[in-house]
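The values are calculated or read from the model by the stated rules, or taken from the named source; none is laboratory data. These numbers were taken from a predicted model, which means no experiment stands behind them. Cβ placement follows ideal geometry from the backbone for every residue including glycine, while neighbour counts extend to all protein chains displayed. Ligands, DNA and RNA are excluded from the accessible area calculation, which covers all protein heavy atoms including side chains. Shrake-Rupley method; radii C 1.70, N 1.55, O 1.52, S 1.80 Å.
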Amino acid sequence: MQRLAPGMEMAFSERITRLKSSLIREILAAAQRPEVMSFAGGLPAEAMLPAVDWAELPASMGQYGMSEGEPALREAIAAQARALGVPCEASQVLIVSGSQQTLDLASKLFIDSGTEVLVEAPTYLAALQSFQLFGAQCLAVAQKADGPDLAALRAMLEQHAPAFAYLIPTFQNPSAVRYSEAKREAVADLLDEYGVTLLEDEPYRELVFDQGSARPIVSRLKRASWIYTGTVSKTLLPGLRVGYLIASADLFPYLLRLKQSADLHTNRIGQWQALQWLGSDHYQAHLGQLREFYRVRRDAMQAALTEHFSDLATWELPQGGLFFWLTLKQPLDTRTLLNRALAEDVVFMPGEPFFVEPDANPGYLRLNFSHVAAERMDEGLRRLAQVIRDAGALEAA
(Lines give C-alpha, C1' and ligand atoms only; values in the text may rest on other atoms or scores of the structure.)
Protein backbone atom coordinates (compact mmCIF):
# COMPACT_ATOMS: atom_id res chain seq x y z
CA MET A 1 0.00 0.00 0.00
CA GLN A 2 1.39 3.39 -1.00
CA ARG A 3 1.99 5.75 1.89
CA LEU A 4 2.13 9.54 1.72
CA ALA A 5 5.44 11.20 2.42
CA PRO A 6 5.55 13.39 5.54
CA GLY A 7 3.92 16.75 4.86
CA MET A 8 1.92 15.52 1.88
CA GLU A 9 -1.89 15.66 1.88
CA MET A 10 -4.47 13.45 0.22
CA ALA A 11 -5.74 14.92 -3.05
CA PHE A 12 -9.46 14.76 -2.25
CA SER A 13 -12.02 16.48 -4.45
CA GLU A 14 -13.09 20.02 -3.65
CA ARG A 15 -16.51 18.61 -2.84
CA ILE A 16 -15.17 16.84 0.26
CA THR A 17 -14.77 20.19 2.00
CA ARG A 18 -18.59 20.39 2.03
CA LEU A 19 -19.14 16.85 3.28
CA LYS A 20 -21.00 16.74 6.58
CA SER A 21 -21.75 13.85 8.88
CA SER A 22 -25.39 12.86 9.26
CA LEU A 23 -26.71 14.11 12.58
CA ILE A 24 -29.68 11.77 12.47
CA ARG A 25 -27.46 8.72 11.89
CA GLU A 26 -25.27 9.77 14.83
CA ILE A 27 -28.32 10.18 17.06
CA LEU A 28 -29.67 6.78 16.07
CA ALA A 29 -26.30 5.19 16.82
CA ALA A 30 -26.36 6.75 20.30
CA ALA A 31 -29.86 5.43 20.90
CA GLN A 32 -29.13 1.73 20.50
CA ARG A 33 -29.55 0.93 24.20
CA PRO A 34 -32.98 -0.72 24.71
CA GLU A 35 -33.89 1.63 27.56
CA VAL A 36 -33.55 4.69 25.30
CA MET A 37 -36.84 6.04 23.96
CA SER A 38 -36.14 7.39 20.48
CA PHE A 39 -38.35 10.05 18.94
CA ALA A 40 -35.54 10.90 16.52
CA GLY A 41 -35.58 8.88 13.32
CA GLY A 42 -38.28 8.14 10.80
CA LEU A 43 -38.08 4.43 11.50
CA PRO A 44 -41.14 2.31 10.76
CA ALA A 45 -42.43 0.35 13.74
CA GLU A 46 -40.77 -3.06 13.76
CA ALA A 47 -44.04 -4.65 14.88
CA MET A 48 -45.55 -3.58 11.55
CA LEU A 49 -42.81 -4.89 9.26
CA PRO A 50 -44.67 -7.60 7.34
CA ALA A 51 -43.54 -11.19 7.17
CA VAL A 52 -42.30 -11.91 3.66
CA ASP A 53 -42.10 -15.15 1.69
CA TRP A 54 -39.03 -15.88 -0.41
CA ALA A 55 -39.97 -19.42 -1.37
CA GLU A 56 -40.96 -18.55 -4.94
CA LEU A 57 -37.96 -16.30 -5.65
CA PRO A 58 -36.65 -17.31 -9.10
CA ALA A 59 -32.97 -18.22 -9.26
CA SER A 60 -32.65 -15.75 -12.15
CA MET A 61 -33.10 -12.89 -9.68
CA GLY A 62 -29.53 -13.53 -8.54
CA GLN A 63 -28.21 -12.45 -11.95
CA TYR A 64 -27.41 -8.93 -13.15
CA GLY A 65 -30.50 -7.03 -14.29
CA MET A 66 -31.62 -4.02 -16.29
CA SER A 67 -30.50 -0.59 -15.10
CA GLU A 68 -34.07 0.66 -15.50
CA GLY A 69 -35.40 -1.99 -13.10
CA GLU A 70 -37.61 -5.05 -13.42
CA PRO A 71 -40.15 -4.52 -16.24
CA ALA A 72 -43.13 -5.84 -14.27
CA LEU A 73 -42.33 -3.60 -11.30
CA ARG A 74 -41.97 -0.56 -13.57
CA GLU A 75 -45.37 -1.36 -15.10
CA ALA A 76 -46.97 -1.66 -11.65
CA ILE A 77 -45.51 1.65 -10.47
CA ALA A 78 -46.54 3.43 -13.68
CA ALA A 79 -50.11 2.14 -13.28
CA GLN A 80 -50.17 3.28 -9.66
CA ALA A 81 -48.88 6.73 -10.67
CA ARG A 82 -51.42 7.11 -13.48
CA ALA A 83 -54.17 6.40 -10.95
CA LEU A 84 -52.91 9.48 -9.07
CA GLY A 85 -53.02 11.55 -12.24
CA VAL A 86 -49.31 11.41 -13.10
CA PRO A 87 -49.01 11.25 -16.91
CA CYS A 88 -46.48 8.49 -17.49
CA GLU A 89 -45.63 5.14 -19.06
CA ALA A 90 -43.44 2.37 -17.66
CA SER A 91 -40.65 3.62 -19.93
CA GLN A 92 -40.41 6.71 -17.68
CA VAL A 93 -39.95 4.69 -14.45
CA LEU A 94 -36.49 4.08 -13.00
CA ILE A 95 -36.13 1.77 -9.97
CA VAL A 96 -33.62 3.26 -7.53
CA SER A 97 -31.88 2.20 -4.32
CA GLY A 98 -34.35 3.97 -2.05
CA SER A 99 -35.66 7.41 -2.98
CA GLN A 100 -32.49 8.81 -1.43
CA GLN A 101 -30.75 7.78 -4.65
CA THR A 102 -33.14 10.00 -6.60
CA LEU A 103 -31.76 12.99 -4.69
CA ASP A 104 -28.22 11.93 -5.56
CA LEU A 105 -29.01 11.45 -9.25
CA ALA A 106 -30.85 14.77 -9.49
CA SER A 107 -27.94 16.50 -7.77
CA LYS A 108 -25.50 15.02 -10.28
CA LEU A 109 -27.76 15.99 -13.17
CA PHE A 110 -28.36 19.62 -12.24
CA ILE A 111 -25.90 20.94 -9.67
CA ASP A 112 -22.52 22.57 -10.15
CA SER A 113 -20.84 24.73 -7.55
CA GLY A 114 -23.11 27.77 -7.05
CA THR A 115 -26.20 26.29 -8.76
CA GLU A 116 -29.38 27.63 -7.17
CA VAL A 117 -31.94 25.13 -5.88
CA LEU A 118 -35.30 26.07 -4.37
CA VAL A 119 -36.36 24.26 -1.18
CA GLU A 120 -38.97 24.59 1.55
CA ALA A 121 -38.10 26.01 4.97
CA PRO A 122 -37.80 23.66 6.74
CA THR A 123 -36.97 20.80 4.41
CA TYR A 124 -35.70 17.22 4.46
CA LEU A 125 -32.26 17.20 6.03
CA ALA A 126 -30.74 14.52 3.78
CA ALA A 127 -31.85 16.44 0.68
CA LEU A 128 -30.07 19.54 1.93
CA GLN A 129 -26.96 17.49 2.57
CA SER A 130 -27.03 16.02 -0.94
CA PHE A 131 -27.63 19.34 -2.69
CA GLN A 132 -25.03 21.19 -0.65
CA LEU A 133 -22.45 18.44 -1.14
CA PHE A 134 -22.59 19.10 -4.88
CA GLY A 135 -22.25 22.85 -4.26
CA ALA A 136 -25.85 24.07 -4.46
CA GLN A 137 -26.87 27.47 -3.21
CA CYS A 138 -30.20 26.58 -1.57
CA LEU A 139 -32.98 29.18 -1.64
CA ALA A 140 -35.54 28.67 1.13
CA VAL A 141 -39.24 29.53 0.94
CA ALA A 142 -41.18 29.54 4.21
CA GLN A 143 -43.96 27.02 4.83
CA LYS A 144 -47.44 27.86 6.02
CA ALA A 145 -49.97 25.37 7.39
CA ASP A 146 -51.25 24.55 3.87
CA GLY A 147 -48.05 24.86 1.86
CA PRO A 148 -45.48 27.46 0.83
CA ASP A 149 -45.90 31.22 1.12
CA LEU A 150 -46.96 31.97 -2.47
CA ALA A 151 -45.95 35.63 -2.40
CA ALA A 152 -42.49 34.66 -1.19
CA LEU A 153 -42.29 31.91 -3.81
CA ARG A 154 -43.16 34.28 -6.65
CA ALA A 155 -40.69 36.85 -5.38
CA MET A 156 -37.99 34.20 -5.24
CA LEU A 157 -38.68 33.05 -8.79
CA GLU A 158 -38.66 36.64 -10.06
CA GLN A 159 -35.23 37.26 -8.55
CA HIS A 160 -33.55 33.90 -9.14
CA ALA A 161 -33.39 31.09 -11.70
CA PRO A 162 -33.16 27.85 -9.69
CA ALA A 163 -32.20 24.70 -11.56
CA PHE A 164 -35.08 22.92 -9.84
CA ALA A 165 -37.49 23.14 -6.94
CA TYR A 166 -37.44 20.34 -4.37
CA LEU A 167 -40.84 19.98 -2.69
CA ILE A 168 -42.45 17.43 -0.33
CA PRO A 169 -46.15 18.37 -0.61
CA THR A 170 -47.73 15.42 1.22
CA PHE A 171 -46.96 15.16 4.96
CA GLN A 172 -43.70 16.99 4.57
CA ASN A 173 -40.61 15.90 6.47
CA PRO A 174 -40.12 17.49 8.98
CA SER A 175 -43.17 19.78 9.25
CA ALA A 176 -45.93 17.24 8.36
CA VAL A 177 -47.57 19.96 6.19
CA ARG A 178 -49.89 18.73 3.44
CA TYR A 179 -50.34 21.25 0.65
CA SER A 180 -53.92 22.23 -0.05
CA GLU A 181 -55.39 21.71 -3.52
CA ALA A 182 -55.25 25.45 -4.10
CA LYS A 183 -51.57 25.62 -3.16
CA ARG A 184 -50.75 22.66 -5.42
CA GLU A 185 -52.41 24.37 -8.38
CA ALA A 186 -50.73 27.70 -7.61
CA VAL A 187 -47.28 26.12 -7.25
CA ALA A 188 -47.69 24.22 -10.53
CA ASP A 189 -48.73 27.44 -12.28
CA LEU A 190 -45.68 29.29 -10.94
CA LEU A 191 -43.25 26.55 -11.94
CA ASP A 192 -44.78 26.49 -15.41
CA GLU A 193 -44.66 30.27 -15.67
CA TYR A 194 -40.98 30.49 -14.74
CA GLY A 195 -39.89 27.25 -16.39
CA VAL A 196 -38.55 25.62 -13.21
CA THR A 197 -38.13 21.85 -13.03
CA LEU A 198 -39.91 20.16 -10.12
CA LEU A 199 -38.46 17.36 -7.99
CA GLU A 200 -41.48 16.10 -6.03
CA ASP A 201 -40.75 13.72 -3.15
CA GLU A 202 -43.65 11.64 -1.77
CA PRO A 203 -42.47 8.96 0.69
CA TYR A 204 -45.43 9.43 3.07
CA ARG A 205 -48.42 9.60 0.70
CA GLU A 206 -49.84 6.23 1.80
CA LEU A 207 -49.56 7.04 5.53
CA VAL A 208 -52.74 9.11 5.70
CA PHE A 209 -55.06 9.19 8.72
CA ASP A 210 -58.05 11.06 7.28
CA GLN A 211 -60.04 10.93 4.08
CA GLY A 212 -58.18 13.81 2.51
CA SER A 213 -56.13 13.32 -0.61
CA ALA A 214 -54.40 15.48 -3.17
CA ARG A 215 -53.07 14.88 -6.65
CA PRO A 216 -49.31 15.22 -7.05
CA ILE A 217 -48.09 18.59 -8.28
CA VAL A 218 -46.37 16.97 -11.28
CA SER A 219 -49.81 15.90 -12.55
CA ARG A 220 -50.76 19.59 -12.82
CA LEU A 221 -47.71 20.81 -14.75
CA LYS A 222 -48.22 21.82 -18.36
CA ARG A 223 -44.75 22.94 -19.48
CA ALA A 224 -42.13 22.42 -16.76
CA SER A 225 -39.98 19.29 -16.61
CA TRP A 226 -40.35 17.06 -13.58
CA ILE A 227 -39.17 14.15 -11.45
CA TYR A 228 -41.54 12.33 -9.10
CA THR A 229 -40.07 9.99 -6.50
CA GLY A 230 -41.36 7.52 -3.93
CA THR A 231 -40.35 4.43 -1.96
CA VAL A 232 -41.62 1.27 -0.26
CA SER A 233 -39.42 2.00 2.77
CA LYS A 234 -42.20 3.57 4.86
CA THR A 235 -44.95 1.12 3.95
CA LEU A 236 -43.22 -2.22 3.40
CA LEU A 237 -39.59 -2.92 4.33
CA PRO A 238 -36.90 -0.22 4.41
CA GLY A 239 -34.27 -2.95 4.25
CA LEU A 240 -35.31 -3.75 0.68
CA ARG A 241 -33.91 -0.36 -0.40
CA VAL A 242 -36.41 -0.16 -3.25
CA GLY A 243 -37.57 3.23 -4.43
CA TYR A 244 -38.51 4.69 -7.78
CA LEU A 245 -38.43 7.85 -9.79
CA ILE A 246 -40.66 8.80 -12.68
CA ALA A 247 -39.37 11.56 -14.93
CA SER A 248 -40.58 13.63 -17.84
CA ALA A 249 -39.30 12.27 -21.12
CA ASP A 250 -36.66 14.98 -21.56
CA LEU A 251 -34.94 14.09 -18.26
CA PHE A 252 -35.25 10.31 -18.12
CA PRO A 253 -32.34 9.35 -20.46
CA TYR A 254 -29.86 11.39 -18.43
CA LEU A 255 -31.05 9.97 -15.11
CA LEU A 256 -30.76 6.45 -16.52
CA ARG A 257 -27.15 7.03 -17.59
CA LEU A 258 -26.32 8.44 -14.18
CA LYS A 259 -27.88 5.35 -12.57
CA GLN A 260 -25.81 3.10 -14.81
CA SER A 261 -22.63 4.85 -13.74
CA ALA A 262 -23.57 4.67 -10.04
CA ASP A 263 -24.51 1.04 -9.36
CA LEU A 264 -25.57 -0.65 -12.62
CA HIS A 265 -29.00 -1.53 -11.21
CA THR A 266 -31.03 -1.72 -7.99
CA ASN A 267 -30.95 -5.10 -6.24
CA ARG A 268 -33.26 -7.49 -8.06
CA ILE A 269 -34.15 -9.56 -5.00
CA GLY A 270 -35.65 -6.52 -3.28
CA GLN A 271 -37.45 -5.56 -6.49
CA TRP A 272 -38.96 -9.02 -6.75
CA GLN A 273 -40.25 -8.85 -3.18
CA ALA A 274 -41.72 -5.38 -3.72
CA LEU A 275 -43.54 -6.66 -6.79
CA GLN A 276 -45.21 -9.40 -4.71
CA TRP A 277 -46.96 -6.64 -2.76
CA LEU A 278 -47.60 -3.59 -4.91
CA GLY A 279 -51.16 -3.50 -6.22
CA SER A 280 -52.19 -6.66 -4.39
CA ASP A 281 -55.10 -7.17 -1.98
CA HIS A 282 -52.74 -8.19 0.83
CA TYR A 283 -50.79 -4.95 0.34
CA GLN A 284 -53.99 -2.91 0.66
CA ALA A 285 -54.89 -4.84 3.80
CA HIS A 286 -51.40 -4.20 5.18
CA LEU A 287 -51.71 -0.46 4.47
CA GLY A 288 -55.03 -0.35 6.32
CA GLN A 289 -53.47 -2.02 9.37
CA LEU A 290 -50.45 0.27 9.16
CA ARG A 291 -52.55 3.44 9.10
CA GLU A 292 -54.60 2.35 12.08
CA PHE A 293 -51.48 1.36 14.06
CA TYR A 294 -49.80 4.70 13.41
CA ARG A 295 -53.00 6.62 14.11
CA VAL A 296 -53.04 5.10 17.60
CA ARG A 297 -49.42 6.14 18.18
CA ARG A 298 -50.06 9.61 16.76
CA ASP A 299 -52.99 10.04 19.14
CA ALA A 300 -50.89 8.84 22.06
CA MET A 301 -48.23 11.43 21.23
CA GLN A 302 -50.85 14.16 20.86
CA ALA A 303 -52.21 13.33 24.33
CA ALA A 304 -48.73 13.27 25.87
CA LEU A 305 -47.74 16.55 24.20
CA THR A 306 -50.92 18.20 25.45
CA GLU A 307 -50.09 17.01 28.95
CA HIS A 308 -46.41 17.93 29.04
CA PHE A 309 -45.67 20.50 26.30
CA SER A 310 -48.62 22.90 26.27
CA ASP A 311 -46.63 25.54 28.15
CA LEU A 312 -43.47 24.92 26.11
CA ALA A 313 -44.43 24.69 22.44
CA THR A 314 -47.03 24.92 19.71
CA TRP A 315 -47.75 22.33 17.02
CA GLU A 316 -50.31 21.07 14.52
CA LEU A 317 -51.89 17.60 14.65
CA PRO A 318 -50.43 15.74 11.64
CA GLN A 319 -52.97 14.14 9.33
CA GLY A 320 -50.41 11.68 8.01
CA GLY A 321 -46.75 10.81 7.90
CA LEU A 322 -44.60 9.97 10.92
CA PHE A 323 -43.78 13.28 12.62
CA PHE A 324 -44.86 16.11 14.89
CA TRP A 325 -43.11 19.46 14.34
CA LEU A 326 -42.86 21.61 17.46
CA THR A 327 -42.10 25.32 17.75
CA LEU A 328 -40.78 26.25 21.18
CA LYS A 329 -42.33 29.31 22.80
CA GLN A 330 -38.91 30.17 24.22
CA PRO A 331 -36.49 29.61 21.31
CA LEU A 332 -33.50 27.47 22.27
CA ASP A 333 -30.86 25.87 20.10
CA THR A 334 -32.26 22.38 20.45
CA ARG A 335 -28.97 20.84 19.30
CA THR A 336 -27.54 21.78 22.71
CA LEU A 337 -30.18 19.61 24.42
CA LEU A 338 -29.23 16.28 22.86
CA ASN A 339 -26.74 15.15 25.51
CA ARG A 340 -29.04 16.20 28.35
CA ALA A 341 -31.92 14.28 26.79
CA LEU A 342 -29.78 11.21 26.20
CA ALA A 343 -28.80 11.27 29.87
CA GLU A 344 -32.54 10.84 30.55
CA ASP A 345 -32.72 7.96 28.04
CA VAL A 346 -34.61 10.05 25.48
CA VAL A 347 -33.53 11.21 22.02
CA PHE A 348 -35.21 13.54 19.53
CA MET A 349 -34.29 15.33 16.31
CA PRO A 350 -33.27 18.99 16.65
CA GLY A 351 -35.04 21.26 14.19
CA GLU A 352 -32.18 23.59 13.26
CA PRO A 353 -30.49 21.28 10.69
CA PHE A 354 -33.68 21.20 8.59
CA PHE A 355 -33.08 24.83 7.62
CA VAL A 356 -30.65 26.22 5.05
CA GLU A 357 -29.35 28.53 7.82
CA PRO A 358 -29.52 26.41 11.00
CA ASP A 359 -28.11 29.01 13.38
CA ALA A 360 -30.74 31.55 12.31
CA ASN A 361 -33.62 29.18 13.10
CA PRO A 362 -33.48 28.03 16.73
CA GLY A 363 -36.38 26.62 18.68
CA TYR A 364 -37.78 23.72 16.64
CA LEU A 365 -37.80 19.98 17.14
CA ARG A 366 -39.09 17.02 15.18
CA LEU A 367 -40.65 14.12 17.07
CA ASN A 368 -41.30 10.73 15.47
CA PHE A 369 -44.34 8.83 16.77
CA SER A 370 -43.97 5.52 14.92
CA HIS A 371 -41.15 3.90 16.86
CA VAL A 372 -41.88 4.25 20.59
CA ALA A 373 -44.69 2.09 21.98
CA ALA A 374 -47.80 4.05 22.98
CA GLU A 375 -47.52 2.98 26.62
CA ARG A 376 -43.98 4.44 26.89
CA MET A 377 -44.68 7.66 25.04
CA ASP A 378 -46.04 9.63 27.99
CA GLU A 379 -42.99 8.93 30.14
CA GLY A 380 -40.58 9.71 27.32
CA LEU A 381 -42.18 13.04 26.53
CA ARG A 382 -42.43 13.93 30.22
CA ARG A 383 -38.66 13.49 30.49
CA LEU A 384 -38.00 15.47 27.31
CA ALA A 385 -40.27 18.30 28.46
CA GLN A 386 -38.35 18.52 31.71
CA VAL A 387 -35.04 18.74 29.84
CA ILE A 388 -36.40 21.65 27.79
CA ARG A 389 -37.95 23.30 30.83
CA ASP A 390 -34.67 23.11 32.77
CA ALA A 391 -32.67 24.47 29.80
CA GLY A 392 -35.09 27.38 29.43
CA ALA A 393 -34.80 28.21 33.11
CA LEU A 394 -30.99 28.20 32.87
CA GLU A 395 -31.04 30.51 29.84
CA ALA A 396 -33.49 32.89 31.51
CA ALA A 397 -31.43 33.03 34.72
> Hey, got the Cα dimensions of segment 271-397 along the principal axes, in Å, largest first?
Replying inline: 59, 33, 26
> Over the heavy atoms of R15, what accessible area does a 1.4 Å probe trace out, to the nearest 10 Å²?
Replying inline: 100
> Taking N as the number of residues in segment 167-227, what value does Rg over Cα atoms divided by 2.2 N^0.38 Å take?
Replying inline: 1.10
> By accessible area of protein heavy atoms, probe 1.4 Å, what ranking do D250, D359 get, highest first?
Replying inline: D359, D250
>> Explain nothing, just the number: dipole magnitude of the chain about its Cα centre with +1 on each Lys and Arg Cβ and -1 on each Asp and Glu Cβ, in debye rounded to the nearest 20.
In response: 380
> With charges set only on the Cβ (+1 for Lys and Arg, -1 for Asp and Glu), what does the dipole of segment 63-279 come to about its Cα centre, in debye to the nearest 20?
Replying inline: 340
> Check T266: other-chain or 5+ apart residues with amide H under 5 Å from its amide H, H built from backbone geometry?
Replying inline: none
> With all protein chains present and a 1.4 Å probe, how do Y194, Y294 order by accessible area, largest first?
Replying inline: Y194, Y294
> What area, in nm² and to one decimal, does the C-alpha convex hull of segment 9-106 cast on average over all directions?
Replying inline: 11.9
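Translational D (Stokes-Einstein, µm²/s) of the chain at 25 °C and 0.890 mPa s when Rh comes from the Kirkwood sum over C-alpha pairs?
Translational diffusion coefficient: 111 µm²/s.
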> Rounded, prolate or oblate: which fits segment 77-222 when a ≥ b ≥ c are the square roots of the eigenvalues of the alpha-carbon gyration tensor, with rounded for a/c under 1.5 and prolate only if a/b beats b/c?
Replying inline: rounded
> Hey, if you put +1 on the Cβ of every Lys and Arg and -1 on every Asp and Glu Cβ in segment 63-279, which of A176, A262, A142 ends up farthest toward the positive end of that dipole?
Replying inline: A262
> Given a cut-off of under 8 Å on Cα pairs at least six residues apart, what relative contact order in percent is computed for segment 63-279?
Replying inline: 27
>> Going by amide H atoms built from the backbone, whose H comes under 5 Å of the H on K144, apart from near neighbours?
In response: D149
> With Cβ to Cβ distances under 10 Å as the rule, what net charge do the other residues near Q276 carry (K, R +1; D, E -1)?
Replying inline: -2
